[in-house]
Number of protein chains: 2
Amino acid sequence: MPKDTFYNLSDEKKRKIFDAAVQEFSARRFGEASINQIIKAAGIPRGSFYQYFEDKEDLYLYMFAEIGAEKQAVIGQVEALNPEADFFEAYQHNMKILLEWSKKKPEYNQLGLLMEMDDSEFINKLRGVTNQYFARMSELIERDKRRGLIKPETNSEVVVDMIYSINMHYIKEYYRTGSVEDMLRKINEVMKTIKDGIIIR
Amino acid sequence: MPKDTFYNLSDEKKRKIFDAAVQEFSARRFGEASINQIIKAAGIPRGSFYQYFEDKEDLYLYMFAEIGAEKQAVIGQVEALNPEADFFEAYQHNMKILLEWSKKKPEYNQLGLLMEMDDSEFINKLRGVTNQYFARMSELIERDKRRGLIKPETNSEVVVDMIYSINMHYIKEYYRTGSVEDMLRKINEVMKTIKDGIIIR
DNA sequence: GTTAAAAATGACAACCCTGTCACATGACAA
DNA sequence: TTGTCATGTGACAGGGTTGTCATTTTTAAC
């Protein structure tokens with residue numbers, strides 16, 4: 001947790017430090033990110049940084065929470081999902097939220113990706129939050145199995161794994177090519193495949 | 001390319017340096033790997049390293065080529081694939097090769113994974129080799145489409161992307177849990193899903 | 001205006017890293 | 001034996017990093 005001295009700062013100065021953190025943590029993984037770069041970008045002296053934060057982790061945690069709050073605000077604006085929606089509709093709804101968020105705050109995209117590709121212990125712990133999201137997807141599949149919409153022999157966790165990993169794959173690709181359309185088209189094909197399979201019986 | 005002085009070394013010394021390189025590049029991504037650690041493990045002085053190699057890339061390239069040769073030797077021992085085999089059989093065959101390789105040289109597993117998770121420019125270039133493997137999978141799907149085994153509307157590249165990304169995902173998981181059986185079981189479920197889909201029509 | 005506490009500051013120590021280079025050592029030929 | 005050339009060697013320069021701390025400056029209270 002940042003120290004009191006940080007919270008006593010003017011909003012402008014807090015903002016400047018936050019922005020510098022986003023900039024650095026969007027460019028480098030947590031382990032490689034440099035406090036030196038951050039203080040340079042924020043225009044604060046070395047000593048001040050340690051007056052405000054315990055260390056790099058402390059700053060990251062602050063930034064992470066701050067972004068989380070912003071995300072909540074954006075998500076709240078997307079229309080709620082019909083509770084009767086099936087798994088595929090729920091997935092599309094989630095994609096819509098993700099795209100909305102990505103459109104409103106594109107500066108956080110790279111940051112999220114870097115977090116996803118980071119396997120340091122510290123970042124691994126933080127990821128717990130993201131995982132809840134996928135646990136919910138798994139539940140939806142189970143419900144659809146009970147409703148007779150999805151084959152009872154389906155392993156919901158494996159399906160969620162598939163969707164998660166291919167999504168990450170295409171998001172990475174999106175950063176290389178910059179084409180959202182390509183990404184959406186491909187993810188559509190993926191969902192078609194998961195629905196119906198590719199083999200002719 | 002390593003310098004002549006390196007190739008003039010005794011096999012034992014060459015081996016020691018190779019082993020030290022494997023050790024370090026298995027523990028850290030290319031960018032974070034330290035020449036210091038390597039020379040310490042190999043028991044050679046700093047100056048000698050630069051007498052043998054241009055730099056870290058030079059050593060990595062040597063190690064990579066060396067391992068590639070070992071891999072060829074192992075692959076040659078697996079029985080050849082029936083040329084009439086369909087995509088799914090070919091995939092299983094590839095898995096068999098991969099497992100054979102992984103069983104014979106488990107010390108390289110972590111190295112390969114780290115290479116996969118590395119997005120430095122240098123490693124990206126090297127990955128070109130791996131990609132050929134997936135290009136061949138795509139061709140097999142196209143052939144099966146022509147043979148009437150796979151739905152003509154299937155996007156073969158997307159299917160290969162799915163298989164690639166979920167494989168990487170489970171290989172990472174395998175490093176955490178250490179269970180090959182779990183991995184194989186899950187990959188089996190994945191292939192079933194890709195074949196037949198999960199929805200009830 | 002004086003004083004005391006809070007905050008800002010940057011020089012510094014301590015620890016990484018890489019690539020070089022002057023010199024030491026060994027091997028082989030004349 | 002002596003000279004020459006390839007190789008071995010580690011100290012060093014120059015770059016990076018983090019966390020601390022004595023000192024100055026600001027703020028606020030009296």
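The values are calculated or read from the model by the stated rules, or taken from the named source; none is laboratory data. Bear in mind the structure is a predicted one, so any value in this text is a computation, not a measurement. Virtual Cβ from ideal backbone geometry, glycine too; neighbours counted across all protein chains shown. Areas reflect the complete protein model, heavy atoms only, side chains present, ligands, DNA and RNA absent. Shrake-Rupley method; radii C 1.70, N 1.55, O 1.52, S 1.80 Å.
If we scan the stretch B:49-56, do we find a residue that is part of a helix (DSSP H, G or I), away from DNA strand D (no atom under 16 Å from the Cβ) and over 30 Å from A:PHE30 (Cα atoms)?
Filtering the stretch B:49-56 for residues part of a helix (DSSP H, G or I) gives B:49-52, B:56.
When the remaining residues are screened for being away from DNA strand D (no atom under 16 Å from the Cβ), the result is none.
Scanning the stretch B:49-56 turns up no residue that is part of a helix (DSSP H, G or I), away from DNA strand D (no atom under 16 Å from the Cβ) and over 30 Å from A:PHE30 (Cα atoms).
Checked against (1) without any contact (Cβ under 8 Å) to a residue 40 or more places away in the chain; (2) assigned to a helix (DSSP H, G or I); (3) within 15 Å of DNA strand C (Cβ to nearest atom); (4) not aromatic (Phe, Trp, Tyr), A:GLU32 meets all criteria but (2). Taking the listed residues B:GLU139, B:GLU70, B:GLU107, the one that is of a type outside the set (A, V, I, L, M), loosely packed, with under 15 Cβ neighbours inside 10 Å and touching a residue at least 60 places away in the same chain (Cβ under 8 Å) is B:GLU107, with no other qualifying.
Considering B:LYS40, B:LYS3, which residue is within 14 Å of DNA strand D (Cβ to nearest atom) and in contact (Cβ under 8 Å) with a residue 24 or more places away in the chain? Reasoning before the result, please.
Values: B:LYS40 fails: in contact (Cβ under 8 Å) with a residue 24 or more places away in the chain.
Testing whether each residue is within 14 Å of DNA strand D (Cβ to nearest atom) and in contact (Cβ under 8 Å) with a residue 24 or more places away in the chain leaves just B:LYS3.
Among residues of the stretch B:143-161 that are facing chain A (nearest Cβ under 8 Å), those with a Cβ under 6 angstrom from a residue that is in a loop (DSSP other than H, G, I, E, B) and crowded, with 19+ Cβ neighbours inside 10 Å, sequence gap 6+ or separate chain, pair up as B:ILE150/A:ILE198; B:LYS151/A:ILE198; B:THR154/A:ILE198.
The sole residue among A:GLU12, A:GLU89 that is of a type in the set (D, E, K, R), in the same structural domain as A:VAL129 (by TED's automatic domain parsing), assigned to a helix (DSSP H, G or I) and open to solvent by 70 Å² or more (accessible area, probe 1.4 Å) is A:GLU89. What about B:GLN72, is it under 19 Å from the mean Cα position of the chain (by Cα) and on the phi < 0 side of the Ramachandran plot? The answer is yes for B:GLN72. Is there a residue being at pLDDT 90 or above and within 12 Å of another protein chain (Cβ to nearest Cβ) anywhere in the stretch B:124-138? The answer is yes; a qualifying residue exists.
Taking the stretch A:112-123 as the range and being at pLDDT 90 or above and open to solvent by 50 Å² or more (accessible area, probe 1.4 Å) as the test, only A:GLU121 passes.
If the requirement is being surrounded by 14 or more Cβ atoms within 10 Å (Cβ to Cβ), over 26 Å from A:GLU100 (Cβ atoms) and aromatic (Phe, Trp, Tyr), which of these qualifies: A:TYR7, A:TYR60, A:TYR52?
Going through A:TYR7, A:TYR60, A:TYR52 in turn, the sole match is A:TYR52.
With respect to (1) within 19 Å of B:ILE194 (Cα to Cα); (2) touching a residue at least 40 places away in the same chain (Cβ under 8 Å); (3) not hydrophobic (A, V, I, L, M, F, W, C), the lone exception for A:ASN188 is condition (2). B:PHE64 meets the conditions (1) assigned to a loop (DSSP other than H, G, I, E, B); (2) in contact with a Leu (Cβ under 8 Å, 6 or more places away or on another chain) in every case but one. The failed one is (1).
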